[in-house]
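The values are calculated or read from the model by the stated rules, or taken from the named source; none is laboratory data. A quick note: this is a predicted structure, and the numbers were derived from the prediction, not measured. Ideal geometry is used to build each Cβ from the backbone, glycine not excepted, and the neighbour counts take in all protein chains shown.
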Amino acid sequence: MDETGLCYAMAPSRSICTRGARSVKKTKTRITVALTSNADGSDALPPLFFGRAKQPFGFKKRTAAQLGFKYKANQKAWMTGHIFREWLLNLDRDMRASGRHILLLVDNASSHNMDELICTNVRLKFLPPNTTAFMQPMDAGIIAAFKRAYRRKQLRWVYDKMMSGEEIKGSNVYKVTTSRQ
């Protein structure tokens with residue numbers, strides 16, 4: 001399990017356009033996404049998104065569960081100890097219900113510090129401090145694959161809107177992630 005920032009509204013770093021066309025300033029608006037999977041990515045939990053708004057505009061009066069994912073809000077759009085504890089207890093409950101025992105590798109972020117927490121079906125193992133991205137399982141490909149898949153869906157969403165003549169009012173991460181492409 002690991003978290004990553006996703007600059008969801010950022011345009012691609014390269015584009016094909018005519019000479020003299022205006023460029024668009026890159027937006028740094030971001031959310032945080034927590035991804036959890038086994039080593040090869042074949043068994044993954046739904047992503048957990050973190051944003052700043054309790055009820056983002058893009059939800060259109062629906063809950064994250066109704067949109068098909070998990071969402072938590074806080075001022076910095078980051079994982080907190082409270083959220084991690086709640087998530088870990090729910091994961092342990094789900095693993096117990098399915099009769100599975102798992103080893104969960106996490107980095108040593110302060111939000112992951114759960115010394116007093118007892119889980120029956122999830123064993124927490126901390127990676128050594130200052131472990132390089134090369135050594136962290138999620139950073140070794142799963143996070144990059146998630147971001148590539150997101151960008152592909154984002155560009156497809158923008159392309160479809162352009163081809164249908166619809167106005168594009170920003171790339172809404174919730175519309176992109178819930179589109180059926």
Review point. Within region 89-126, which residues are part of a helix (DSSP H, G or I) and touching a His at 6+ places or on another chain (Cβ under 9 Å)?
Key: MET95, SER111
Check your understanding: Given the conditions (1) of a type outside the set (Phe, Trp, Tyr); (2) modelled with pLDDT of 90 or more; (3) assigned to a loop (DSSP other than H, G, I, E, B), and given that LYS26 satisfies all but one, which numbered condition is not satisfied?
Key -> (2)
Review point. Any residue in region 74-93 that is exposed (fewer than 11 other Cβ atoms within 10 Å of the Cβ), within 16 Å of ALA34 (Cβ to Cβ) and among the basic types (Lys, Arg)?
Key: yes
**Study point:** Cβ-Cβ under 7 Å pairs, at least 6 apart or on other chains, region 1-12 side at pLDDT 75 or above and surrounded by fewer than 18 Cβ atoms within 10 Å (Cβ to Cβ), far side in a strand (DSSP E or B) and of a type in the set (Lys, Arg)
**Key:** none
Check your understanding: Given (1) within 19 Å of the chain's Cα centre (by Cα); (2) farther than 14 Å from GLU3 by Cβ; (3) surrounded by 14 or more Cβ atoms within 10 Å (Cβ to Cβ), where does GLY68 come up short, assuming only one miss?
Key -> (3)
Review point. Here is a list of conditions, (1) modelled with pLDDT of 80 or more; (2) part of a loop (DSSP other than H, G, I, E, B), and PHE134 meets all of them except one; can you say which number that is?
Key: (1)
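Filter region 49-59 down to the residues that are of a type outside the set (A, V, I, L, M, F, W, C) and surrounded by 12 or more Cβ atoms within 10 Å (Cβ to Cβ), then identify the one that is nearest to SER37 (Cα to Cα).
Keep residues of region 49-59 that are of a type outside the set (A, V, I, L, M, F, W, C), which gives 51-52, 54-56, 58.
Narrowing the set further to residues that are surrounded by 12 or more Cβ atoms within 10 Å (Cβ to Cβ) leaves 51-52, 55-56, 58.
On the way: GLY51: 21, ARG52: 25, GLN55: 27, PRO56: 26, GLY58: 27 Å.
Here the answer is GLY51.
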Review point. Going by the conditions given, is LEU89 of a type outside the set (Lys, Arg) and under 21 Å from ALA149 (Cβ atoms)?
Key: no
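Yes/no per residue for (1) closer than 22 Å to ASP40 by Cα; (2) within 12 Å of the chain's Cα centre (by Cα); (3) at pLDDT 70 or above:
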{"site": "PHE146", "(1), (2), (3)": "yes, yes, yes"}
{"site": "TRP157", "(1), (2), (3)": "no, no, yes"}
{"site": "ASP160", "(1), (2), (3)": "no, no, yes"}
{"site": "VAL173", "(1), (2), (3)": "no, yes, no"}
